[in-house]
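The values are calculated or read from the model by the stated rules, or taken from the named source; none is laboratory data. Remember, it's a predicted structure, so these values are computed and weren't measured experimentally. Note that each Cβ is placed from the backbone with ideal geometry, even for glycine, and that neighbours are counted across all protein chains shown.
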Ligand SMILES: [Zn+2]
């Protein structure tokens, strides 16, 4: 995808003729630009100037709103209008009834934006605010922008938003000066560090003509390689807001003590250390472009000796099997070369044997060898054995504990409990919030577990019983069951909460379901593996083991489709691979004959419609609901309708 050219402006203060003149010049020189985004005070005293200038502009003007996240030309743009006002923000003074014209944001405006940021699946490309974040220059060594008062300028509300949004760019008006801060990095929450570039723009009519327009060519984060988002540029500092936080914590700890000095985690010495380490890291290895990458035949190796090159690595691993490719990418977390190397073998057996080289000595260093599909979470968050334990005790590493803000944790405030249609021992069934068809449901473990293959045997078996019961219910409607599950770690959102999307489709659509999933995956460059349906006499535990093997372990990220005959189509995702987020939903909507309903926007309904839909589904499902009949030892067998 090519870059989107966008212009940003500081406070316009009703000087539209001036704005259009500048934009025209910029457009001629570096354009054409696809959008102009304005921050700071847009209107001013001279509203007559606006009325005369608007028709001449020929440009559609749009007010983004008080706060929220929107998508402009593929870019995720988060915004907050207004500035901080203590009496308004603390509720001592009511804002004017016409909130659209209130110059101050309220806690509601901020809460709305925070909620949208939490729910956003991708990255924030741009954050727009009308004031600077307080403490922006903390940690900067050298001169500060002239006229800037670090202790008074900007607001803490905006600082908090920057820390939450972790935007790639933050463009703000609100100060009578122009300033581009050196980029700063936010700490790694599991998916790599993120870097923000701040640009403060002066008002249009700045007396000394300080810069009020800024041009950017931005490729949306959604179209970028995940590694590219973690690149740390030259001169990057630690997030000033994290530094301030660390300082506050240190001061609290030291309160009353002798030490009032805190250690700058990202100060000058840290930068030096980073540079020193960079000189010692391994070099990237491009790998062979002509060898199709196959996660099942690949292992990930950590702690490879720095000096070892491609041939030496291939030579070492030849003892496990024939090596066909070796590669090591760049910029996994710190903008440096990845700390791990991929080694692909001719056969799956080769990769399996290579796992036995784990902890072996390679030129004086112990190498760590893992399946390539072991999820980017890596670093042993959960040992492979953990999956066999009960899920009731929560397993290791916090998995199983309720996550605040999770839609699927029944105990969370954000949970849609009114959509729940049946609750079992460890699993529940909920009608989908934006259903493709009225009988579109989700099977969800009650505990916050990330993926079905990582569930305890009991929990997994219960999910299978629900699938089986649904299959019978759809059959009574002349429909066949298709389903999918997608497991992406989503570590910066508290981790994925496992859910299987299930739908009934016509027999004709059921017949082409496998083909449809395969075609959609192929279009994205992936090949799915077909797992045959469980044989007679084999239980859910056999299937669970089979899936384990196919995806490469309980921590793996993967996509899995379930076909009407019980076959599974599976594809584990390698580190750094991107799976199209909407793929499963698009295939289901297509099979259901309503491709337009792949888009969530087409599927919203009123609370009353939703209530009726849940009620209808409950009635429909009742005769098949094994959990409600106390028949909990069904062993995966389909429960037939009673007395029919
Ligand atoms: Zn959850």
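Got a sec? Which strands (runs of 3 or more DSSP E) wholly within region 350-463 have at least 1 residues that are at pLDDT below 90 and touching a helix residue (DSSP H, G or I) at 6+ places or on another chain (Cβ under 7 Å)? Let's see the steps before the verdict.
Details: elements: 368-371, 420-423, 427-431, 441-445.
The strands (runs of 3 or more DSSP E) meeting that bar are 368-371.
May I ask you to list the residues in region 440-456 that are away from the ligand (no atom under 16 Å from the Cβ) and surrounded by 24 or more Cβ atoms within 10 Å (Cβ to Cβ)?
441, 453
Which condition does residue 511 not pass, out of (1) within 16 Å of the ligand (Cβ to nearest atom); (2) on the phi < 0 side of the Ramachandran plot, if it passes all the others?
(1)
Any residue in region 488-502 that is assigned by TED's automatic domain parsing to the domain that holds residue 624 and exposed (fewer than 14 other Cβ atoms within 10 Å of the Cβ)?
Start the filter on region 488-502 by keeping residues that are assigned by TED's automatic domain parsing to the domain that holds residue 624, which leaves 488-502.
With exposed (fewer than 14 other Cβ atoms within 10 Å of the Cβ) added as a condition, the list becomes none.
Among the residues of region 488-502, not one is assigned by TED's automatic domain parsing to the domain that holds residue 624 and exposed (fewer than 14 other Cβ atoms within 10 Å of the Cβ), which makes the answer no.
Here is a yes/no grid of residues against (1) more than 16 Å from the ligand (Cβ to nearest atom); (2) within 24 Å of residue 418 (Cβ to Cβ); (3) touching a residue at least 24 places away in the same chain (Cβ under 8 Å); (4) crowded, with 24+ Cβ neighbours inside 10 Å:
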residue	(1), (2), (3), (4)
438	yes, yes, yes, no
458	yes, no, yes, no
476	yes, no, yes, no
506	yes, no, yes, no
515	yes, no, no, no
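How about region 566-585: which of its residues are assigned to a loop (DSSP other than H, G, I, E, B) and either within 18 Å of residue 224 (Cβ to Cβ) or at pLDDT below 90 (or both)?
Here is the first cut: in region 566-585, the ones assigned to a loop (DSSP other than H, G, I, E, B) are 566-567, 574-582.
Passing the criteria: 574, 575, 576, 577, 578, 579, 580, 581, 582.
If you take just the helices (runs of 4 or more DSSP H) that sit entirely in region 82-194, which of them hold at least 2 residues that are without any contact (Cβ under 8 Å) to a residue 60 or more places away in the chain and touching a strand residue (DSSP E or B) at 6+ places or on another chain (Cβ under 6 Å)?
On the way: elements: 86-89, 107-119, 156-165.
Per the criteria, 107-119.
Look at residue 231 and say whether it is more than 14 Å from the chain's Cα centre (by Cα), modelled with pLDDT of 85 or more and closer than 24 Å to residue 580 by Cα.
On the way: more than 14 Å from the chain's Cα centre (by Cα): yes; modelled with pLDDT of 85 or more: no; closer than 24 Å to residue 580 by Cα: yes.
Considered against the rule, which asks whether it is more than 14 Å from the chain's Cα centre (by Cα), modelled with pLDDT of 85 or more and closer than 24 Å to residue 580 by Cα, residue 231 comes out as no.
Given (1) within 16 Å of the ligand (Cβ to nearest atom); (2) closer than 30 Å to residue 620 by Cβ, identify the lone condition not met by residue 494.
(2)
Taking region 492-526, which residues are assigned to a loop (DSSP other than H, G, I, E, B) and within 21 Å of the chain's Cα centre (by Cα)?
Residues of region 492-526 assigned to a loop (DSSP other than H, G, I, E, B): 494-499, 506, 512, 524-526.
Passing the criteria: 494, 495, 496, 497, 498, 499, 524, 525, 526.
In this structure, does residue 470 turn out to be assigned to a helix (DSSP H, G or I), closer than 24 Å to residue 542 by Cβ and away from the ligand (no atom under 16 Å from the Cβ)? Can you show your working first?
Numbers: assigned to a helix (DSSP H, G or I): yes; closer than 24 Å to residue 542 by Cβ: yes; away from the ligand (no atom under 16 Å from the Cβ): yes.
It is true that residue 470 is assigned to a helix (DSSP H, G or I), closer than 24 Å to residue 542 by Cβ and away from the ligand (no atom under 16 Å from the Cβ).
Going by the conditions given, is residue 538 within 16 Å of the ligand (Cβ to nearest atom) and assigned to a loop (DSSP other than H, G, I, E, B)?
Working: within 16 Å of the ligand (Cβ to nearest atom): no; assigned to a loop (DSSP other than H, G, I, E, B): yes.
Spelling it out, it is not the case that residue 538 is within 16 Å of the ligand (Cβ to nearest atom) and assigned to a loop (DSSP other than H, G, I, E, B).
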